[in-house]
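The next block holds one structure in the form of structure tokens; read it before the comments.
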Amino acid sequence: MSVVPHSSETVTAQLPTPRLSPEGHDPQSTERIPVSGPLRRLLVWYGVASLGVYLALGAVNSVLLPL
């Protein structure tokens, strides 16, 4: 026979504490970290340069393939 706790008894579950990285961050957190300064500038230039390379190679292929 199972025992049902009375309304005056509270059942609390022990939640596991999150494992933190060495820097003190929760690796499973969904919090967005803002990127700013020189790193942001580097990432923007990397994206522009990559897009430029893909566009240039695509233009070369589109000109040479019909020949």
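For residue 35, the criteria (1) at pLDDT 85 or above; (2) assigned to a helix (DSSP H, G or I) hold in every case but one, which is (2).
For residue 7, the requirement of being surrounded by 10 or more Cβ atoms within 10 Å (Cβ to Cβ) and at pLDDT below 95 is not met. Within the range 28-67, the only residue that satisfies the criterion of being touching a Pro at 6+ places or on another chain (Cβ under 9 Å), polar (S, T, N, Q) and surrounded by 10 or more Cβ atoms within 10 Å (Cβ to Cβ) is 29.
The values are calculated or read from the model by the stated rules, or taken from the named source; none is laboratory data. On a predicted model such as this, the values are computed, not experimentally measured, just so you know. Positions of Cβ are backbone-derived with ideal geometry, glycine not excepted, and every protein chain shown enters the neighbour counts.
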